[in-house]
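Data first, discussion second: the structure below is written as structure tokens.
The values are calculated or read from the model by the stated rules, or taken from the named source; none is laboratory data. Nothing here was measured: the structure is a model prediction, and the numbers come from that model. Virtual Cβ from ideal backbone geometry, glycine too; neighbours counted across all protein chains shown. With ligands, DNA and RNA removed, areas are computed over all heavy atoms of the protein, side chains included. Shrake-Rupley method; radii C 1.70, N 1.55, O 1.52, S 1.80 Å.
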Amino acid sequence: MGSFAEFHARSIHDRDAFWAEQARLVDWKVEPKQICEYSNPPFAKWFVGGQTNLCHNAVDRHLAARGDQPALIFVSTETDQEKIYTFRDLHAEVQRMAAILQDLGVVKGDRVLIYMPMVAEAAFAMLACARLGAIHSVVFGGFASHSLATRIEDATPKVIISADAGSRGGKSVPYKPLLDEAIQLSAHKPARVVMVNRNMVAFTPVAGRDVDYATERAKHMNAVVPCKWVESTHPSYTLYTSGTTGKPKGVQRDTGGYTVALAASIPHIFEGKPGGTFFCTSDIGWVVGHSYIIYGPLIGGMATILYEGLPIRPDGGIWWSLVEKYKVNVMFSAPTAIRVLKKQDPALLTKYDLSSLQALFLAGEPLDEPTAKWISEGLSGKAIIDNYWQTETGWPILSICNGVEKAPSKFGSPGKAIYGYNVKLVDDQTGEELTGADQKGVLTIEGPLPPGNLQTIWGDDERFVKTYWKTVPGKLVYSTFDWAVRDKDGYFFILGRTDDVINVAGHRLGTREIEESISSHPNVAEVAVVGVADQLKGQVAMAFAIAKDTSGLTSDAARKALEAEVMKVVDAQLGAVARPSRVFFVTALPKTRSGKLLRRAIQAVAEGRDPGDLTTMDDPAALQQIVDLIKG
Ligand code: ATP
Ligand code: MG
């Protein structure tokens, strides 16, 4: 173990040597000739001339040393199934799926769209695509036909792999009718649809288009489908961003860079070891699921748990019971899930033997201090590691890297810039780099982006360049569109998105800071703050809060009293300038399907405007509450 500062410095100043070393963590059919090619910025090409295969590195490579060890542990509390696939089993299943796709004419470069619940076949499908060099595009199973149709049109898949239904809270959620509708809506039609039939909802296959997975699989029990060696720069998949700030962007990822980035992240960031177990509670439809349910752990020779079900069913101890049962070493979840658990009996956290667990990683949205404290105390002594990244980056930008050097976490901070990331904070007005401590700027990454990051936006190089890149004095930087400060020790604090900053009478305030302040009131469970136009001050803050205890909030007077208390907290902590003009109490907040607050929509509604693209919204009733309050 060495010094992290040195490790990071080497990754930037001796970039090619650093990544050449990391590239040894993976198998190459043909060794790369050039580590990074950046002659046409901002388009970076990693491990040029090299040939490899993502599926080979995730599966085949481990057969010799750990063929009989668990690779994929499928657990469904929806269907009461639990099944362990060894690397050898997984190898066989992936080849069967690959053989089916091959029969349907899928070849290298073809797109295959995967619209599936959290079942083992979804993992087989992703790995089978990688095996053939086909480009998968996984669409989160919670999306309905309209969202799915836009993604089908954008990805133009030859084949779609789907299932009859998912399941949530014990009730089946039909997929097939939504898929049929989406295909009807879409201008692009897939040639074939592979249907995994879970016998949950009855459906009629479309003749000439739909094929039954079980029937086809039975024909290929002994399938041998070799991995297709592809150039390092060959796209492995496309995946759409959450759409928190607008129309989702189709992130395109390469093969070699992504494989190396994940292979390196397992030991360096997660301290994962071959033979260990990784449990990521995300969904395969999100980037965290791609990288840390499927590819990362498997590349690292670890078993991975693929969990279908709620975190609180049969009770709030289910995840911890899996940690005990499968001796999970590394766990990865999101703050939103922890907030769900927080409403359950805290005794569930101490009921199971969690001695195997090294750390709990959380990402995807700000980890508020009360939630961080609650889980940290509940899991007494376990490291809680907030890490910050984006669909675009494919793996974390900020974290502490305990595998390189042990470092403490700081509450509210996702840690330091990870190796490979040349992070710069820049002043959004002047574009100057901010190098001092505690200065607030936009978090940017100087090009080239490290391996594993997006190559471009699928089919739209121009949007890639225009959306993310800008020239600041002497440098071309990628903008994350997030505000941050860096303290004197190099720890970053994310303050919110650049479009979440409000300007009150000339004072620039992050909505996140106001939210943190409001959350510190003992009766506030969750809150969203947005800026709304104000004739006098330009903008004012407006808050929508969920009270922890609503029993006293039955009258207008009681609500007013709590509102006044909350305002006082903000006055005391941030000053009257940050005081929200109103604090409304709601029972739910509008979020994306991935659990991110849809401030954009709340703000539009609060200003009496049309909320725009809501395809990724989870619960329309939550936004309606706000509409009603504003009309009030
Ligand atoms: P879109 O780009 O389509 O608006 P999105 O940005 O919500 O959607 P993702 O790529 O899933 O889509 O989310 C990345 C964003 O999530 C980051 O830019 C940041 O705003 C937020 N985020 C992720 N991790 C953290 C974290 N640990 N702390 C604070 N914010 C985080
Ligand atoms: Mg984004």
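Points worth noting:
- Convex hull volume per residue, computed on the Cα atoms of the stretch 342-470, equals 160 Å³.
- Note on the stretch 215-331: dipole from Cβ charges, positive end direction compared against Gly317, Thr255, Thr277; the farthest Cα belongs to Thr255.
- Convex hull volume per residue for the chain, taking Cα atoms only, in Å³: 153 Å³
- Rounded to the nearest 10 Å², the accessible area of Tyr326 at probe 1.4 Å: 30 Å²
- Ligands, DNA and RNA aside, Asp613 has an accessible area near 60 Å² when probed at 1.4 Å.
- Each residue of the stretch 194-201 was assigned a 3J(HN,Hα) from its phi angle through the Karplus expression (A = 6.51, B = -1.76, C = 1.60, θ = phi - 60°), giving 8, 9, 8, 9, 8, 6, 9, 10 Hz with x at Gly and Pro.
- When the helices of the chain are scored as -39500 (n - 2.57) per DSSP H run of n ≥ 4 and the total is divided over every residue, the value at 222 nm lands at -8500 deg cm²/dmol.
- Given +1 at the Cβ of Lys and Arg, -1 at the Cβ of Asp and Glu and no other charges, the dipole of the stretch 117-168 around its Cα centre is 100 debye to the nearest 20.
- Cβ-Cβ distance of His507 and Ser376, R₀ of 45 Å, FRET efficiency by 1/(1 + (r/R0)^6): the value works out to about 0.85.
- Sequentially through the stretch 148-162, phi angles give Karplus couplings (6.51, -1.76, 1.60; θ = phi - 60°) of 5, 4, 5, 6, 5, 5, 6, 8, 6, x, 6, 10, 10, 10, 8 Hz, Gly and Pro residues having no value and appearing as x.
- Against the criterion of solvent-accessible heavy-atom surface with a 1.4 angstrom probe, Asp461, Asp556, Asp427 sort, most first, into Asp556, Asp461, Asp427.
- Taking only the alpha carbons of the stretch 1-134, we obtain Rg and Dmax values of 18.5, 53 Å in that order.
- Residue separation of Lys631 and Ala564 scaled by 0.36 nm, minus their Cα-Cα distance, works out to 22.0 nm of gained length.
- Ranked by how many other beta carbons lie within 10 Å on average, peptides 370-376, 328-334, 9-15, 60-66 from highest: 328-334, 370-376, 60-66, 9-15
- Of all DSSP bridge pairs formed entirely within the chain, close to 60 percent run antiparallel.
- Under the convention that each Lys and Arg Cβ holds +1 and each Asp and Glu Cβ holds -1, the size of the dipole of the stretch 196-313 around its Cα centre is about 120 debye.
- For the stretch 433-441, Karplus couplings with θ = phi - 60° (6.51, -1.76, 1.60), whole Hz, Gly/Pro x: 6, 9, 9, x, 6, 6, 8, 8, x
- Over 28 Å between alpha carbons, listed pairs Lys488/Lys537; Lys176/Lys351; Lys440/Lys568; Lys325/Lys416: Lys488/Lys537; Lys176/Lys351; Lys325/Lys416
- Dipole axis of the chain (+1 Lys, Arg; -1 Asp, Glu on Cβ), positive-most option in Leu239, Met567, Val94: Val94
- Dipole in debye (nearest 20) - the chain, about Cα centre, beta carbon charges: Lys, Arg +1; Asp, Glu -1: 500 debye
- The heavy atoms of Cys36 offer some 10 square angstrom of accessible surface to a 1.4 angstrom probe.
- The aspartates and glutamates within cross-link reach of Lys158, meaning a Cα-to-Cα straight distance under 14 Å and a gap of 8 or more places when in the same chain, are Asp103, Asp110, Asp210.
- Here Lys470 is the anchor, and the aspartates and glutamates within straight C-alpha reach of less than 15 Å, apart from those fewer than 8 places off in the same chain, are Asp427, Asp428, Glu432, Glu433, Glu446, Asp461, Glu462, Asp482.
- Dipole of the chain [Lys/Arg +1, Asp/Glu -1 at C-beta], most positive-end residue of Ala372, Ile293, Val206: Val206
- Antiparallel bridge percentage (DSSP; both residues within the stretch 519-632; nearest 5): 75 percent
- Neighbour cut-off at most 10 other Cβ (10 Å), DSSP loop, trypsin sites (Lys or Arg not before Pro), the stretch 308-345: Lys343
- Checking every one of the trypsin sites (Lys or Arg not before Pro) in the stretch 400-474 against DSSP loop status and a limit of 13 other Cβ atoms within 10 Å picks out Lys406.
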